[in-house]
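Read-outs: derived from the displayed coordinates by stated rules, not from any lab. Everything numeric in this text was worked out from a predicted model, so none of it was measured. Note that we place each Cβ from the backbone using ideal geometry, even for glycine, and neighbour counts take in every protein chain shown.
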Amino acid sequence: MKTCYTLFFCLIACLTKAQLPSDTLMTYVTFENLKGPDDGYGASINRPIGTGAFKNLADRSYLSMRMAKLENSYRWPDGSRVDFTKRKSEHSATGIVDRYTLINPALKDTIFLFVDPYKLDAEFFVPKGLTALNKEVLAREIAPQLKAIDDINTAKDAFGNQQDSLNKVANYIASHAGLVNFVDRENLAKVMTDTRASAELKEYLFKIYIINKFYALGKNISNAKAYALNKMKESFNNFQKEHPAIETGNIKINLN
């Protein structure tokens, strides 16, 4: 009997661990090469965090992704999010540097964090007073989004009744991780380039794919691309049943 209980708890532990976000999702939302604590990092105008957000101002999606990485990489010691809205620019020896005023909502302590959006660091560290985002905290933060995706996927007519929820989740992914990380040309190209299919349908299927790849990575489901593709196929089949009059072009052929 003792052996059975041991095996049972081991199984529960494995299942619980599997619910944590994947390493891939962590790399999408946080700085690459994020190391341990360094009290001097970002603490002065002479040693700012080099996000590289402004290295190519013409690429707005890259700018948004780098800014999101700054906001996502760090948390207060209790795991709460850091408010990066208080910002001012200052002149340094090398150019313009942003100074963020970070106020710990629990302790009311203040941290001044210096960031250089024009320089890209090869390595990133955790400034004094902050901690690095971990999988447990990320799992809690994305739980409402994953629940919303479950509701979208189980809805009888998601195209007709879940568009608001679908847009909210897609916008969350875009602002926190960047949509580019979830676009797989090999799975989306034929659908998105179908000139006969309804534009509304193509946009719907695109978002369905994006949110389900995010879901798979958030749940650490193996082969996130295949999971997202299957969910897109299921959503298209349900769409056809509920909206037979809307033009689908060759999507049915291209998804088989």
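When each of the peptides 157-164, 170-177 is scored by the mean number of other C-beta atoms lying within 10 Å of its residues, the order from highest to lowest reads 170-177, 157-164. Using the Cβ-Cβ distance between residue 147 and residue 89 with R0 set to 35 Å, the FRET efficiency from 1/(1 + (r/R0)^6) comes to roughly 0.35. Residue-wise HN-Hα couplings along the range 163-172, as the Karplus relation 6.51 cos²θ - 1.76 cosθ + 1.60 with θ = phi - 60° gives them from phi, are 5, 4, 5, 4, 5, 5, 5, 4, 5, 4 Hz; Gly and Pro carry x. Between residue 108 and residue 184, the distance separating the two model label sites (each 7 Å from Cα on the Cα→Cβ line) works out to 5.1 nm.
Straight-line reach from residue 86: which aspartates and glutamates fall under 19 Å, measuring Cα to Cα and dropping same-chain residues less than 8 apart? Within the straight-line limit of under 19 Å, residue 86 reaches these aspartates and glutamates: 71, 98, 109, 116. Residue separation of residue 61 and residue 38 scaled by 0.36 nm, minus their Cα-Cα distance, works out to 5.4 nm of gained length. Derived from the Cα gyration tensor, the three semi-axes of the equivalent ellipsoid of the chain are 38, 26, 15 Å, largest first.
In terms of overall dimensions, the range 81-148 has a Cα radius of gyration and Dmax of 15.1, 48 angstrom. The slack between residue 247 and residue 222, meaning 0.36 nm per residue of separation minus the straight C-alpha distance, is 5.7 nm.
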